[in-house]
Amino acid sequence: MERSWRFVFVAVSVAGIWVSVLLASLLAPNLVTGSQHESIPLVAMTSWLWGLCATGFVLLAGLSHTSRREHWIGAATAMVVIWAVIAVLSIYAPVLVTGTDPTRIPLVALLSPIAGVIATGYVCIFAALAAEEPVVERNASGVTIDVLRHGASS
């Protein structure tokens, strides 16, 4: 039963990442450059790479043996929020306009997925390495000791 929370975390997180990547790819502003104002879908060309990196982090975290349901629920929620913010920033953030032939660079849309991958990495590390609460036990001589149980089922 406890193992299934890892699978829910992985499924929800990967879905959140790829919905964000899809929305940013379709709706983010394009790079517009040159005297003919060529439009290049730069966000669509690069965001899938960052989605793959984030997916790799999530899949690696899903391999851990942490059994605390709260950690997996919190991590999945954080993942959805992080990538929802990335999608909103990619779509609605202003573009950098420069030059006499105004070149329009969607700088925030290009950089926010990188920040999302970093945040994803931290959330996945937290989810994978979160320790169980210490259990107080007494040893043979009656001395109280704290024992950390990693990955033990409750």
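Overview of results
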| item | result |
| --- | --- |
| Selection count, the stretch 31-62, where residues are among the aliphatic types (A, V, I, L, M), in contact (Cβ under 8 Å) with a residue 40 or more places away in the chain and assigned to a helix (DSSP H, G or I) | 7 |
| Qualifying residue in the stretch 7-26 (condition: touching a Phe, Trp or Tyr at 6+ places or on another chain (Cβ under 8 Å) and more than 21 Å from residue 118 (Cβ to Cβ)) | yes |
| Residues of the stretch 38-58 that turn out to be closer than 11 Å to residue 124 by Cβ, in contact with a Ser or Thr (Cβ under 6 Å, 6 or more places away or on another chain) and open to solvent by 20 Å² or more (accessible area, probe 1.4 Å), as a count | 1 |
| Per-region count, the stretch 63-93, residues farther than 25 Å from residue 30 by Cα, at pLDDT 90 or above and of a type in the set (S, T, N, Q) | 1 |
| Residue match in the stretch 4-21 (condition: without any contact (Cβ under 8 Å) to a residue 12 or more places away in the chain and under 22 Å from residue 130 (Cα atoms)) | yes |
| Qualifying residues in the stretch 2-34 (those that are charged (D, E, K, R) and surrounded by fewer than 18 Cβ atoms within 10 Å (Cβ to Cβ)) - the one farthest from the chain's Cα centre (by Cα) | 2 |
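Quick grid of which residues meet (1) under 20 Å from residue 117 (Cβ atoms); (2) open to solvent by 70 Å² or more (accessible area, probe 1.4 Å); (3) of a type in the set (A, V, I, L, M, F, W, C):
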{"site": "36", "(1), (2), (3)": "no, yes, no"}
{"site": "60", "(1), (2), (3)": "yes, yes, yes"}
{"site": "69", "(1), (2), (3)": "no, yes, no"}
{"site": "79", "(1), (2), (3)": "yes, no, yes"}
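The values are calculated or read from the model by the stated rules, or taken from the named source; none is laboratory data. Note that the structure is a prediction, hence the values are computed from the model and not measured. Neighbour counts run over all protein chains shown; Cβ positions are idealised from the backbone, glycine included. Just the protein is used for accessible areas: all its heavy atoms, side chains included, with ligands, DNA and RNA removed. Shrake-Rupley method; radii C 1.70, N 1.55, O 1.52, S 1.80 Å.
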